[in-house]
Amino acid sequence: MSGTILEPGQIAAAASKPAFLQLPPRQLFALRAERLAQLAEGHALGDYLRLLAAVCRAQQQVLDAPPCVAAPDPQCCAQAIAHGMPPLAAESLVREDAWLALLDAWLAAFVPPEPVNPSLAAALEQLRGADAGQRKAWGVALVSGQFAGVPAGVAPFVGAALQLAWSHWLLGLDLSAIVEAEDQQTCPACGSLPVAGVIHGHGARNGLRYLVCSLCACEWHYVRLKCSHCRSTKRLDHLHLEHSPHGVRAEACPECRHYLKQLYLELEPGGEALSADLASLDLDLLLDGAGYLRQAPDLLLIPGGEG
Ligand code: FE
Ligand code: FE
């Protein structure tokens, strides 16, 4: 009997096994903008969410018609994948110049909602006036989690440009050679931490948990019932507030005292991870008050230093 021939049942199982890695849709920023605008209705932070919706709209505009920027070398990407390394490694690519063109394009596309408050205008002015070296230093700081090194007002806009650049590259790459690794806690494509988890509600991924990259927005499978920070399987608590957006739970680990928000798409079929995170900041306050540390960076929400 040949070991390479699959029985009918095995063929069905192999064919239906959902992919370990999922690319975001091409309309990812438009979808985020739409969700943010919906979540802003009647929300205590409605103006803030509407501002971020405008940030995402500009990201989509540039993604749809990007400036000519150098793509990461396909051979280097293939080599990285072959060695189990992320092909779009954020820590090294952020030190190169290519993403700065996408920042310029984003700045040209961004139209903040009226009325523009003085601190927002000042932050945009500071970013427009910054030279390439300064912009890159801010980008490096954000990607390395050194949030205090970036003025608080400027950080979400630099973060938006970084997201845009990485999603642009991600959507042009063939990632089919990336194989599932156990306990993959950082993005297999770019090496960044997840912004949140998503529990899928239908289709082949029904009931499976995927982590959503805070930078490039791809999703990768991570088993449920295991802390994605310390890998403990002992106990995870799930907390939410009455008025949190539907389907959002904070998965808190008593072992390492970290938490990661999870979005249950069965409860919120049109939900999207990053917008759900931004619309549930009261949950972060609750967890902070209970002594838990936030595990996930959200590049549109950065506790930066004073600018
Ligand atoms: Fe990523
Ligand atoms: Fe843990």
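The values are calculated or read from the model by the stated rules, or taken from the named source; none is laboratory data. Note that the coordinates shown come from a computational prediction; the quantities given were computed from them, not determined experimentally. Note that each Cβ is placed from the backbone with ideal geometry, even for glycine, and that neighbours are counted across all protein chains shown.
There is at least one residue in the stretch 214-233 that is under 26 Å from residue 56 (Cα atoms) and among the aromatic types (Phe, Trp, Tyr).
Has the stretch 233-246 got at least one residue that is of a type in the set (A, V, I, L, M, F, W, C), farther than 23 Å from residue 286 by Cβ and in contact with a Lys or Arg (Cβ under 9 Å, 6 or more places away or on another chain)? For the stretch 233-246, residues of a type in the set (A, V, I, L, M, F, W, C), farther than 23 Å from residue 286 by Cβ and in contact with a Lys or Arg (Cβ under 9 Å, 6 or more places away or on another chain): absent. Looking at 150, 223, 198, just one residue is under 24 Å from residue 266 (Cβ atoms), touching a strand residue (DSSP E or B) at 6+ places or on another chain (Cβ under 8 Å) and away from ligand 2 (no atom under 16 Å from the Cβ), and that residue is 198. Go through the stretch 233-254 and count every residue that is part of a loop (DSSP other than H, G, I, E, B) and either more than 15 Å from ligand 2 (Cβ to nearest atom) or closer than 17 Å to residue 296 by Cα (or both). Going through the stretch 233-254 one residue at a time, the tally reaches 10. Against the criterion of being within 26 Å of residue 140 (Cβ to Cβ), surrounded by fewer than 18 Cβ atoms within 10 Å (Cβ to Cβ), among the hydrophobic types (A, V, I, L, M, F, W, C) and at pLDDT 95 or above, residue 70 does not qualify.
Within the stretch 233-257, the set of residues being among the β-branched types (Val, Ile, Thr) and without any contact (Cβ under 8 Å) to a residue 24 or more places away in the chain comprises just one member, 233.
Would you pick out the residues in the stretch 178-215 that are crowded, with 16+ Cβ neighbours inside 10 Å, of a type in the set (A, V, I, L, M, F, W, C) and not in a loop (DSSP other than H, G, I, E, B)? Of everything in the stretch 178-215, those that are crowded, with 16+ Cβ neighbours inside 10 Å, of a type in the set (A, V, I, L, M, F, W, C) and not in a loop (DSSP other than H, G, I, E, B) turn out to be 195, 196, 198, 199, 211, 212, 213. For the stretch 33-59, the tally of residues that are assigned to a helix (DSSP H, G or I) and within 21 Å of residue 120 (Cα to Cα) stands at 18. Within the set 260, 283, the sole residue that is without any contact (Cβ under 8 Å) to a residue 60 or more places away in the chain, over 24 Å from residue 93 (Cβ atoms) and surrounded by 18 or more Cβ atoms within 10 Å (Cβ to Cβ) turns out to be 283.
For the stretch 216-225, filtered to residues that are within 16 Å of ligand 1 (Cβ to nearest atom) and not in a strand (DSSP E or B), the residue that is nearest to residue 276 (Cα to Cα) is 217.
The number of residues in the stretch 33-47 being at pLDDT 95 or above and within 16 Å of residue 111 (Cβ to Cβ) comes to 3. For the stretch 68-101, filtering for residues that are within 20 Å of residue 25 (Cα to Cα) and more than 18 Å from the chain's Cα centre (by Cα) leaves 1. Filtering the stretch 173-183 for residues that are in contact (Cβ under 8 Å) with a residue 12 or more places away in the chain, under 26 Å from residue 22 (Cβ atoms) and within 16 Å of ligand 2 (Cβ to nearest atom) leaves a non-empty set.
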